[in-house]
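Asker: Handing you this structure, nothing more for now.
The values are calculated or read from the model by the stated rules, or taken from the named source; none is laboratory data. Keep in mind it's a predicted model, so treat the numbers as computed, not measured. All Cβ positions, glycine included, derive from the backbone under ideal geometry; neighbour counts span all protein chains shown. Just so you know, the surface numbers come from the protein's heavy atoms only, side chains and all, with ligands and any DNA or RNA stripped out. Shrake-Rupley method; radii C 1.70, N 1.55, O 1.52, S 1.80 Å.
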Amino acid sequence: MENMFRLIDNDQEVATNRCIWVNGPVIVGAGPSGLATAACLREQNVPFVVLERADCIASLWQKRTYDRLKLHLPKQFCQLPKMPFPESFPEYPTKRQFIDYLESYASRFDISPKFNECVQTARFDETSGLWRVKTVSDAESTRTEVEYICRWLVVATGENAERVMPEIEGLSEFTGEVIHACDYKSGEKFAGKKVLVVGCGNSGMEVSLDLANHLAKPSMVVRSSVHVMPREIMGKSTFELAMKMLKWFPLWLVDKILLVLCWFVLGNIEKYGLKRPEMGPMELKSAKGKTPVLDIGALEKIRSGNIDVVPGVKRFNGNRVELVNGEELDVDSVVLATGYRSNVPYWLQESEFFAKNGFPKTAIGNSGWKGRTGLYAVGFTRRGLSGASMDAVNIAQDIGSVWKLETKQPTKRSTTSHRRCISQQF
């Protein structure tokens, strides 16, 4: 019975064939959110284990982003806790620079995730009062199943874990190339081709811009209203300007000011097929988590005719696409900039804290990072990297306060009861 499991303490582990006891939290996900939480826990002297299904940290950034990507916000709003960006980095770091920063961050805080471990299920065991996290690893052609037993579970898989593939009539029979934006790297191979970009968020706009810069002929599908704002106003970050105004003015007034400034900088964009929502940009972000598009050059390409704006897609027919207004286009390739979704419902067996859409039920705003029974969520409040950093600090402090209290006095938990619960499963 004594050999049924071993103890992980201070990040040192000896795993059996069946399960591993983690003397601290298990963090699922080694993206920026998971790394930030791990670093803050390290500062609290709390041991942890980070599980990552990919073979690297920040796999979304390393494997599922286009080459020209830069941070859309100034670097001071994107840095993780305890470590600012290098002063030599530009205000808007490139994809490669951000990845280098994250790798340096993991090294500085001695974060060594367990790569190629895909979480299959995570559930709370009411009998033992512990979380049971089952993973599968197919690394090196060997399938390994491990169950981690822990008191705290931190969900750090983020808002963008899985691509969203739209169901459009005839798309599966389209004769040209169809890729999701996560597989798009550069417009170089699309030069001279007619490319339909489905989606007009930040990814759709930037992919369309990149295609136009590489002499492709992009048509961007705009199905609904969208807030397009300049990335900078009078040399200052639009986001930074909004944050400063929110300290002094109510939300509705900040939106009014922003829209007036946008009109002066961008002019009337509705004549190009870009209709603004009735709700202001900051109110829409606060209420529904929908991020405004920050223009970095796509609008100028739209004005010049290098990017066509078209309405929604009705159906595909061979290499032609029929739009909802009856117009038909010849298309060589399709890029689906249709976004991402949370994958939490596929593996977390819990319904009190997380909703069916994979977000905490109180995800928008300053709450949404703490559930019951030792369950936490980081990076789901739809406030970008700065929001994820705040979540990480709060989570580490919350766990750290309990950890420090219990390590100074005999624990009230019975280790024997843990073992008895585990042994019943085998």
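Asker: Report, in order of residue number, the helices in the chain meeting two criteria: a C-alpha extent of 15 Å or more along the helix axis, and a mean Kyte-Doolittle hydropathy of at least 0.5; treat each whole DSSP H run as one helix.
Answerer: Qualifying helices: 251-266.
Asker: So if each residue of separation counts as 0.36 nm, and I subtract the Cα-Cα distance between residue 234 and residue 121, what length gain in nm does that give?
Answerer: So the extension gain works out to 35.7 nm.
Asker: Please report the relative contact order for region 190-335, taking Cα pairs under 8 Å with a sequence separation of at least 6, and give it as a percent rounded to a whole number.
Answerer: 33 percent
Asker: In whole Å, largest first, what are the principal axis extents of the Cα atoms in region 250-331?
Answerer: 51, 29, 19
Asker: Further, regarding this structure: Need the full-extension length gain, residue 96 to residue 45, defined as separation in residues times 0.36 nm minus the C-alpha distance. One decimal, nm.
Answerer: Contour length minus the Cα-Cα distance gives 15.3 nm.
Asker: Just add up the charged neighbours of residue 158: K/R +1, D/E -1, any other residue whose Cβ is under 15 Å from the Cβ of residue 158.
Answerer: That sum, taken over residues with Cβ under 15 Å, equals +3.
Asker: Another question, then. Please tell me which of these pairs span more than 29 angstrom C-alpha to C-alpha: 114/236; 95/361; 236/256; 189/236?
Answerer: Violating the 29 Å Cα-Cα cut-off are 114/236; 95/361; 189/236.
Asker: Let me ask another. Using Cα pairs under 8 angstrom and six or more residues apart, how large is the relative contact order of region 189-230, in percent?
Answerer: Worked out over region 189-230, it gives 47 percent.
Asker: Counting only heavy atoms of the protein chains, get the accessible area per residue of region 144-244 (1.4 Å probe) and round it to a whole Å² value.
Answerer: 41 Å²
Asker: For the chain, what relative contact order do you get, as a whole percent, if you take Cα pairs closer than 8 Å and at least 6 residues apart?
Answerer: 21 percent
Asker: Based on a Kirkwood Rh over C-alpha pairs, give the Stokes-Einstein translational diffusion coefficient of region 57-199 at 37 °C and viscosity 0.692 mPa s in µm²/s.
Answerer: For the chosen part, D equals 171 µm²/s.
Asker: Just flag the trypsin sites (Lys or Arg not before Pro) in region 229-307 sitting in loop per DSSP whose Cβ has no more than 11 other Cβ atoms within 10 Å.
Answerer: Listed in order of number, the matching sites are 247.
Asker: Taking only protein heavy atoms and a 1.4 Å probe, what accessible area per residue, in Å², does region 24-136 have with all protein chains in place?
Answerer: Spelled out: the 1.4 Å probe surface of region 24-136, per residue, equals 38 Å².
Asker: Take every DSSP beta bridge with both residues inside region 21-177 and express the antiparallel ones as a percent of the total, to the nearest 5.
Answerer: Within region 21-177, antiparallel bridges account for around 65 percent of the total.
Asker: What part of the accessible area of the chain, given as a whole %, is carbon or sulfur when the probe is 1.4 angstrom?
Answerer: Carbon and sulfur together cover 49 percent of it.
Asker: Which whole-number value in Å³ per residue fits the convex hull of the alpha carbons of the chain?
Answerer: So the per-residue hull volume is 166 Å³.
Asker: Given the -39500 (n - 2.57) contribution per DSSP H run of 4+ residues, what per-residue ellipticity at 222 nm results for the chain, rounded to the nearest 500 deg cm²/dmol?
Answerer: Mean residue ellipticity, 222 nm, calculated: -8500 deg cm²/dmol.
Asker: Please state the equivalent ellipsoid semi-axes for region 98-158: what are the square roots of 5 times the Cα gyration tensor eigenvalues, largest first, in whole Å?
Answerer: The three semi-axes for region 98-158 are 25, 18, 9 Å.
Asker: Moving to a separate point now. Scan the chain and report its longest stretch carrying no GluC sites (Glu not before Pro) that are both in a DSSP loop and have at most 15 other Cβ atoms within 10 Å.
Answerer: Counting only loop sites that pass the neighbour cut-off, the longest clear stretch is 168-277.
Asker: Let me ask something else about it. I need the Debye-formula profile for region 217-256: one equal scatterer per C-alpha, no solvent, reported as log10 I(q)/I(0) at q = 0.14, 0.21, 0.23, 0.35 1/Å, two decimals.
Answerer: Scattering profile of region 217-256, log10 relative to I(0): -0.47, -0.76, -0.83, -1.15.
Asker: Mind listing which trypsin sites (Lys or Arg not before Pro) in region 102-168 are in a DSSP loop and have 11 or fewer other Cβ atoms within 10 Å?
Answerer: The qualifying sites are 143.
Asker: Quick check: pseudo-label points 7 Å beyond the Cα along Cα→Cβ at residue 63 and residue 408, how many nm apart are they?
Answerer: Label-label distance for residue 63 and residue 408, simple model: 4.4 nm.
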